[in-house]
Every structure is written in C-alpha cells, then in structure tokens.
Amino acid sequence: MFRFEKEQKIINAGGIKLGGQPGECPTALTATIFYIGHKIVTDKKEGKFDKARAETLINRMDELSDMTTNPFILDVVGTSVPAFQSYISFIAEVTQAPIQVDAISPKLRMETLKWAHEVGLSERLVNNSIYRGVKETELQNLKDCGVKASIILCDNPTDDTVQGKLDVLPGILEMGDQAGIEGALIDTAMPSWGIGVGAGLRSIYVIKEMYGDRGAVGTGIGNVSDTLGWVKGNFSKDVKKATDAAQNAILPMIGCDWIMFGPIEFAEFVFPAVAVVDTYILTATAELGTRPAEEGKHPLFKLVG
C-alpha cells in the first residue's frame, strides 16, 4: 500500500506542491481561521478581528511548517464580501501560504473571487469547492478569475458509500476541467462521526489508486473531531487533543495527500503528529525507490537528519 500502481500527479495549489506517490511530498495541512464562533472575530459581518492574535496564530503556522516542511493552506470562512476582503487582505500581508475561500453561498464565493482577481490574488487562492450541483455560471466565474486550484468534493447526498462517491467523482472532475482547474484537491467528503466515516476513510485509498493522476486526494477530519462527543464527555482536553492528533496522523498512511484538520489552534499538535508519520512513510517507500519531489524538503530531513 506504500506505492500506487496508477501514475500520481503532483499539483500546485496556491503556490505549494502536494500529491504524488507516498513519500514524494510532505502532507499538506489546511487550518480553518475566522470560522463561526472563532473568538478572534469581533464583527463577522464587517470582518473585524483581533489582528495581533490572528498574526500570532498564522506566524505559528509558518514556524511549524518551517520546523517540519509540511506546507499549509489557510481555509478562510466568511459571511460577507467585506469580511472576506478584510480577512484575505490581512492574510496576504502576513504569510505566503495559499488562501482557501470557504463560503457556503455560491454568490458570495463568486463575488469574493472576482474581488481577489481584481487585486491580483488569484494565484494564491484555492476554491472551496466544486461539487455536484454547482452551476455553470460559477464554473465560468472560476475560469474568468484565473483560479487554478479547487476542492473537488465527491459528496453524494443519496449514497455515502465508497461506490457512491466514485459514482459522482468523474462528473465533478469534468466540472473542474470546465472551470480551468489545474490543481484538483479531491475531497472524499468525510461525514460527521458515525459509521459513514469508514467510507470516507477507505475512499482515500481507492480514489488515490483510481484518480491519483487527476489530482491530490485528501479529506477534512474536522467534521469528525467536532462531533465525537464521547471523548469530550468522558476525558480531559489533553486526551481529546491526543485523539484529534491520532485521527489526523493515520490519514497519510492510507495515501492522504492533504488534510483539512479544523481550527487553526489545532496546528500545535497536528503538525508534529503528521510530520512523524510522514517520516515513517518515506523511510518505508525509500526502499521502493521513492525520493522527495524536492530535494531535502520532507519531514525526514528535519526529524532525523
């Protein structure tokens, strides 16, 4: 399971590389910031927030990335165009990391991307997301705005099995092609905690084997962490952190190229957990002839070297 038969594509998403065979690229880690209920936000409509605290959190992400070589993406949640303008402008000034636009409303996504294109930030962006049901006007907007990377969400509302995800994925990939997407972040649509998480997990390996030549495969584990009430109700916060770290760390072992791990505050324990597992993977795949896509850029050289 440490090498896929299908050719594996290394993509560019907002300036970082991810994908390929296990061991070629460090696992990319996506943190959510300015999310609903985030204490640093003081006015979600206008996008007002504690800039000092936000910069501290983002700077720590950069530090952790330097320590491990794992690249990161900032998933930005907003409820209005002014809020997105405020958040994105700030992030663009304090870090070079890719910026993922996370808006539920198609209209809000489109207007935000238009603004970002006008101010020259298209190359930094990752769209969240393209899924079954997205209209052609939104696909055309992505193309017109020059956005080259997007989440490709293989969510099937009527069938959450592995096969259900496979049934919808080809059509959604075609939608990405129509939108001019070159960096596809294929998302296995991990559900909330329950029996459906098994399909979300197994889908990573299956989709990587079948469609790894089309994009990087990953998932968002935050849905599971937030809804796993059993741990929160029975154990201390330290134990919850340990379970969250473990849930993220197992994913690269089955081929996960990128992980949306939840709130940015989780970075402190997710980065080291994933970096250690990435090191396991490269030391295993090196015997199969795998080498890092970029010389010296892998957690192995930080943790062992």
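Summary table
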item: Residue match in the range 224-235 (condition: aliphatic (A, V, I, L, M), under 16 Å from the mean Cα position of the chain (by Cα) and modelled with pLDDT under 95); result: yes
item: Residues within the range 126-182 that are of a type in the set (G, A, S) and either closer than 21 Å to G198 by Cα or assigned to a helix (DSSP H, G or I) (or both), tallied; result: 3
item: I151, sole failed condition from (1) touching a residue at least 24 places away in the same chain (Cβ under 8 Å); (2) farther than 30 Å from A54 by Cα; result: (2)
item: Subset of the range 277-292 (residues that are surrounded by 16 or more Cβ atoms within 10 Å (Cβ to Cβ) and either among the β-branched types (V, I, T) or in contact with an Asp or Glu (Cβ under 9 Å, 6 or more places away or on another chain) (or both)); result: V277, T279, I281, L282, T285, T290, P292
item: Neighbours by Cβ (under 6 Å, 6+ apart or cross-chain): first from the range 289-305, assigned to a loop (DSSP other than H, G, I, E, B); second surrounded by 13 or more Cβ atoms within 10 Å (Cβ to Cβ) and of a type in the set (A, V, I, L, M, F, W, C); result: A293/I10; A293/C25; H298/L282
item: Whichever residue in the range 95-111 is part of a helix (DSSP H, G or I) and buried (at least 17 other Cβ atoms within 10 Å of the Cβ) and, among such residues, is farthest from the chain's Cα centre (by Cα); result: E111
item: Condition broken by V239, with the remaining ones in (1) outside any strand (DSSP E or B); (2) buried (at least 22 other Cβ atoms within 10 Å of the Cβ); (3) of a type in the set (V, I, T); (4) free of Cβ contacts under 8 Å to residues at least 40 places away in the same chain satisfied; result: (2)
item: Top-ranked residue of the range 38-78 - restricted to ones that are assigned to a strand (DSSP E or B) and farther than 24 Å from P26 by Cα, ranked as nearest to the chain's Cα centre (by Cα); result: V77
item: Search result, residues across the range 115-125 that are assigned to a helix (DSSP H, G or I), free of Cβ contacts under 8 Å to residues at least 60 places away in the same chain and surrounded by 14 or more Cβ atoms within 10 Å (Cβ to Cβ); result: W115, A116, H117, S122
item: Residue within the range 205-214 that is surrounded by 24 or more Cβ atoms within 10 Å (Cβ to Cβ), assigned to a helix (DSSP H, G or I) and of a type in the set (A, V, I, L, M) present; result: yes
item: Meets criteria (within 20 Å of Y35 (Cα to Cα), in contact with a Leu (Cβ under 8 Å, 6 or more places away or on another chain) and surrounded by fewer than 19 Cβ atoms within 10 Å (Cβ to Cβ)) for A92; result: yes
item: Filtered residue count, the range 186-230, keeping only those that are in contact with a helix residue (DSSP H, G or I) (Cβ under 7 Å, 6 or more places away or on another chain) and at positive phi; result: 1
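The values are calculated or read from the model by the stated rules, or taken from the named source; none is laboratory data. No experiment lies behind these values; they were computed from the predicted model shown. Please note: Cβ atoms are built from the backbone with ideal geometry, for glycine as well, and neighbour counts cover all protein chains shown.
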